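What follows is calculated from the coordinates using simple rules that are stated; it is not laboratory data. What you are looking at is a predicted structure, and each value in this text was computed from that prediction instead of being measured. As a convention, Cβ positions derive from the backbone with ideal geometry for all residues, glycine included, and neighbour counts pool all protein chains shown.
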Amino acid sequence: MLSLIKLPRVFNVHQVPKAFQEDSIISGYRHPRSSATDCVLSLFQLTNETLNVWTHFLPTWYFLWKLLTVVCMQDVWNDAYTWPLLVYLLSCCVYPLASSCAHTFSTMSTRARHICFFFDYGALSFYSLGSAITYSAYVMPDGWVNSTFHKYYISIAVFNTIICTAMACYSRLGLPFLHYNHDITERFPESQRPKLGKVLRISAFTYPYLFDNIPLFYRIFLCAGEGCTVNEVNSVHVYHTLLAFLTGFLFATHLPERLAPGRFDYIGHSHQLFHVCGVIGTHFQMQAIEMDMSLRRAWLQDHAPPVTFSNTLGAALLCIFISLGIIFLFSRPLLRHPASSRDPCTARK
Ligand SMILES: [Zn+2]
């Protein structure tokens, strides 16, 4: 039966347009104008994207199971203390799902590729907001609870999320209508300043991460004396932090494939390792958050500001609507002129 299904052909780096080429990946590229069916079928053959998809698609189900467990086991409708965890778990389901969809359908066309990754960036920003909301509610060190920083922490995190979604989208093509339109053939700023796009994108993800983690870094690395919240959770927070730095390192350096171009095209290249480390990091982060949540419940409910709709689900909804608006704005020039089916980027090869 399986032999009746014809799997799509794969190509080498010189046979695909520049927008599809990945640093130090030589072979295993899918056709740059694949149909949706071919994109789905390609998940069952080995291409340089196959493991990128599965390393995020399978964890989505694990995180969804965690979310459903909380919804079923806890009194989420009446117990506002669980809401930050719900938002965080939702963001943990959204980011790997958006990423696996982006990796699956990114070879339908050059424009589709850009739009797919705009959604991927929006989902990653949403995940950073989910982390900030739980950190504010459960992880903030005792001494910082009710401080001025704590008061503005979520508002700043929402602002960062919006700025960083826009910055990550900008890093692909520049500003919509001003730097690119439907017939764009070059990637701005990457085409003019190749390093700028990469630096902007790395900054768009590391900046909110570093901001969100200020209370945690202070708690586990700097704090001494009273108000530090020293408990058994700190070591789990350290595992998560180490994995987060490893994840960032892999994304930024393109190791190991840079050392041996072509050797890791299908298995073991940096993007797959980046996904795997990110997911394991999220797993430890989730574990630490749940531990802090239950260990500190009584103290936090006595001392911390109350958890409200606006600093949990409200902030998340605001972020989702604005991020979708930003993605729409950046996608708009790519969606216009539906009558024109020719993709100049693809034709260029
Ligand atoms: Zn990815």
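In a GNM of the chain with a 10 Å cut-off on Cα contacts, which of I133, I163, I154 has the highest mean-square fluctuation?
I163
Where in the stretch 252-330 are there chymotrypsin sites (Phe, Trp or Tyr not before Pro) that are in a DSSP coil and have at most 12 other Cβ atoms within 10 angstrom of their Cβ?
Loop-located and lightly packed - F309.
Please give the charge dipole size of the chain, origin at the Cα centre, charges +1 on K and R Cβ atoms and -1 on D and E Cβ atoms. Round to the nearest 20 debye.
1480
Let me have the 222 nm mean residue ellipticity of the chain computed from DSSP H runs of 4+ only, each contributing -39500 (n - 2.57), with the sum over all residues rounded to the nearest 500.
The helix-only estimate for the chain comes to -20000 deg cm²/dmol at 222 nm.
Kirkwood hydrodynamic radius, computed over distinct alpha-carbon pairs, for the chain: how many Å, to one decimal?
One decimal place: 21.4 Å for the Kirkwood radius.
In the chain, if the dipole is taken from +1 on Lys/Arg beta carbons and -1 on Asp/Glu beta carbons about the Cα centre, which of L7, C92, G197 is farthest to the positive end?
L7
Taking square-rooted eigenvalues a ≥ b ≥ c of the alpha carbon gyration tensor, is the stretch 36-139 rounded, prolate or oblate, where a/c under 1.5 means rounded and, failing that, a/b exceeding b/c means prolate?
Prolate.
Using the Cβ atoms and a cut-off under 13 Å, what net charge is assigned to the surroundings of L86, where Lys and Arg are +1 and Asp and Glu are -1?
Summing Lys/Arg as +1 and Asp/Glu as -1 gives -2.
What's the longest uninterrupted piece of the chain once you rule out the GluC sites (Glu not before Pro) that are loop residues per DSSP with at most 14 other Cβ within 10 Å?
After excluding every exposed loop site, the longest remaining stretch is 1-225.
Which cross-chain or sequence-distant (5 or more) residues have an amide H under 5 Å from the amide H of F11, H modelled 1.01 Å from N in plane?
Under 5 Å from the amide H of F11 lie the amide H atoms of G28, Y29, R30, each far enough along the sequence or on another chain.
Simple spin-label model, 7 Å along Cα-to-Cβ: F44 to A80 in nm?
Rounded to a tenth, the inter-label distance reads 5.0 nm.
With a cut-off of 8 Å between alpha carbons and a minimum separation of six or more residues, what is the relative contact order of the chain in percent?
25
Which of the three applies to the stretch 202-349, rounded, prolate or oblate, going by the alpha-carbon gyration tensor with a ≥ b ≥ c and a/c under 1.5 meaning rounded?
Here the stretch 202-349 falls in the oblate category.
Taking the Cβ of F264 as the center, what net charge do the other residues with Cβ under 15 Å away carry, scoring Lys and Arg +1 and Asp and Glu -1?
Within the 15 Å Cβ shell, the charges total -3.
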